[in-house]
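Below is one structure; the comments refer to it alone.
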Amino acid sequence: MCERLLPRHSASAGGWLCLLLPAALVTSYLHAQPECGATDAVHRLLIAAAIGMCLRTLTFLLTSYVKAATSIQFILNHLLPGIVSSLCVDRSWPFALPTGLLITSIYHFVYVKVFRGLPRTFTFGEAAIMVQGVLLFVLNAICRLWTLPSTDFNQLNAIMTSALLCLLLVCVALHLVRFLRKPLPFYMLMVLLLLAVTCAPVTRPLPLIALLEFLLKDPLRLLIILSDLLLVAVTCGAVSWQLKSSTRASTRVRKVFHLLILLVFVPGLIYQCTLLYLATGVALAIFVVLELLRLLQISPFAATLTQAFDSFKDEKDAGGLALTPFCLLIGCALPIWLTPCPCLRVGKDSQLLLLLLSGILTVGVGDTAASVLGSKYGRNKWRNSNRSLEGTVAFVLSILLSVGLLQLSGVLVMTQAKWFATIFATLNAALVEALTDQVDNLVLPLIFYIIVGLA
């Protein structure tokens with residue numbers, strides 16, 4: 001079966017990546033607190049689903065490379081993952097078994113569809129993380145959207161969840177109905193999407209009113225919004241400047257986006273966590289819409305977006321999808337999305353804040369330092385890798401220095417045990433960054449999050 005699918009060339013299968021999301025969900029479950037409300041049962045269901053999807057990926061890869069009897073392949077591929085998943089569901093077996101089998105079957109169907117629709121875009125492991133994430137989001141949305149939220153954070157979370165779910169349905173409609181891929185139907189569909197997001201009765205008051213009340217309530221919130229908009233303008237200026245050049249963006253130029261996202265996430269997490277949480281969902285939605293405009297060649301924006309993609313893409317953007325920008329945003333935001341009600345406790349729990357900074361520390365700080373300093377001063381290369389030992393040292397020192405500065409400023413409270421966990425997680429992430437051929441923007445935050453969280 002693997003032979004009929006087309007993963008990204010010149011990269012390994014990366015099957016081990018399918019283990020990361022289940023491990024991260026277990027880690028976040030260990031840090032769940034009673035003030036999060038009735039999330040325990042849903043969280044356990046998500047862990048069970050993630051375990052089933054992970055096992056389905058591993059059995060698929062195993063039976064693709066190792067010849068076995070048809071009956072054994074059927075048991076390994078279709079029955080075993082669903083049965084194991086159902087054993088992890090805290091319900092009676094008449095509910096758990098069909099649920100486990102259904103989830104793993106849908107997962108494999110979507111997994112194969114992704115490879116056929118976007119050939120040469122993902123490795124097997126990267127596709128596993130992406131499909132796991134989408135299906136876990138849908139499962140979480142189905143479980144939670146039936147109850148009206150009570151707190152500000154839960155209200156905004158419901159708005160973001162319903163908006164992204166509507167956007168996902170739009171993507172499915174565009175995939176199934178060719179007529180919608182023409183400019184006029186596409187823009188009409190976007191208008192309907194905007195109306196659904198702002199007027200759907202998922203909160204009281206309606207989402208548009210709830211959003212305006214939230215944004216205008218706090219002067220500091222408005223100040224951070226203005227600073228973020230300024231950074232967006234700087235980003236657009238950097239892209240426009242690069243497009244005027246006839247050369248492709250260098251590695252150091254691309255790392256400017258890492259720096260900009262660092263400047264957005266750190267103040268947001270410390271001072272306006274709920275606003276940042278909402279902004280990550282908005283940014284993801286904008287990325288998806290822009291990518292739809294480019295992929296479907298919708299005028300008048302398609303030509304400019306295609307030019308920008310060609311200018312900034314790197315070796316991992318081998319397929320049709322702009323993988324690296326998505327993974328940069330997702331990697332930085334994943335620790336926030338995975339953690340139950342992160343913004344209710346972020347000011348009280350420095351260990352939680354360190355977890356939420358996993359993406360920023362590894363991608364925004366460490367990976368940027370390794371890339372910039374390694375490309376300039378790197379002389380000693382790792383075996384079978386184009387990464388340098390000097391870049392790896394820069395990765396480790398930049399993260400530890402950043403954590404030290406956050407401790408000195410009083411943002412983080414670091415004990416000896418926390419320092420040990422941080423150093424151990426940083427060293428592991430540095431080795432993965434140096435040696436992996438997978439998209440490190442996606443992998444490094446999860447590795448750091450899991451190790452620090454379990455420690």
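The values are calculated or read from the model by the stated rules, or taken from the named source; none is laboratory data. Given the structure is predicted, the values throughout are model-derived calculations rather than measurements. Cβ sites come from the backbone with ideal geometry, for glycine too, and all protein chains shown count toward neighbours. The accessibility values were calculated without ligands, DNA or RNA, using every heavy atom of the protein model including side chains. Shrake-Rupley method; radii C 1.70, N 1.55, O 1.52, S 1.80 Å.
Contact annotation: residue pairs with Cβ atoms under 6 Å, 6 or more positions apart or on different chains, pairing a residue in region 210-221 that is of a type in the set (Lys, Arg) with a partner that is surrounded by 12 or more Cβ atoms within 10 Å (Cβ to Cβ), are ARG221/GLN272; ARG221/LEU275.
When the helices (runs of 4 or more DSSP H) confined to region 336-439 are screened for residues that are among the acidic types (Asp, Glu) and within 25 Å of the chain's Cα centre (by Cα), those reaching at least 1 such residues are found at 416-435. Considering VAL443, VAL372, the condition of being open to solvent by less than 10 Å² (accessible area, probe 1.4 Å) and touching a helix residue (DSSP H, G or I) at 6+ places or on another chain (Cβ under 7 Å) is satisfied by VAL443 alone.
Restricting region 77-107 to residues that are outside any helix (DSSP H, G or I) and of a type outside the set (A, V, I, L, M) leaves a set whose member that is nearest to GLN132 (Cα to Cα) is ASP90. Among the residues of region 112-127, those that are of a type in the set (A, V, I, L, M) and either in a helix (DSSP H, G or I) or crowded, with 21+ Cβ neighbours inside 10 Å (or both) comprise VAL112, VAL114, ALA127.
Scanning region 388-397 for residues that are of a type outside the set (A, V, I, L, M) and surrounded by fewer than 21 Cβ atoms within 10 Å (Cβ to Cβ) yields a single hit, GLU390. If we scan region 354-364, do we find a residue that is out of contact with any strand residue (DSSP E or B) (no Cβ under 8 Å at 6 or more places or on another chain), surrounded by fewer than 22 Cβ atoms within 10 Å (Cβ to Cβ) and in contact (Cβ under 8 Å) with a residue 60 or more places away in the chain? Among the residues of region 354-364, not one is out of contact with any strand residue (DSSP E or B) (no Cβ under 8 Å at 6 or more places or on another chain), surrounded by fewer than 22 Cβ atoms within 10 Å (Cβ to Cβ) and in contact (Cβ under 8 Å) with a residue 60 or more places away in the chain, which makes the answer no. Within the set VAL443, VAL403, VAL393, the sole residue that is modelled with pLDDT of 90 or more and within 26 Å of THR123 (Cβ to Cβ) turns out to be VAL443. There is at least one residue in region 93-111 that is open to solvent by 20 Å² or more (accessible area, probe 1.4 Å), out of contact with any helix residue (DSSP H, G or I) (no Cβ under 9 Å at 6 or more places or on another chain), closer than 25 Å to GLU126 by Cβ and modelled with pLDDT of 90 or more. A search for C-beta distances below 6 Å between a residue of region 170-191 that is in contact (Cβ under 8 Å) with a residue 12 or more places away in the chain and any residue that is small (Gly, Ala, Ser), counting only pairs 6+ apart in sequence or on different chains, returns PRO183/SER299.
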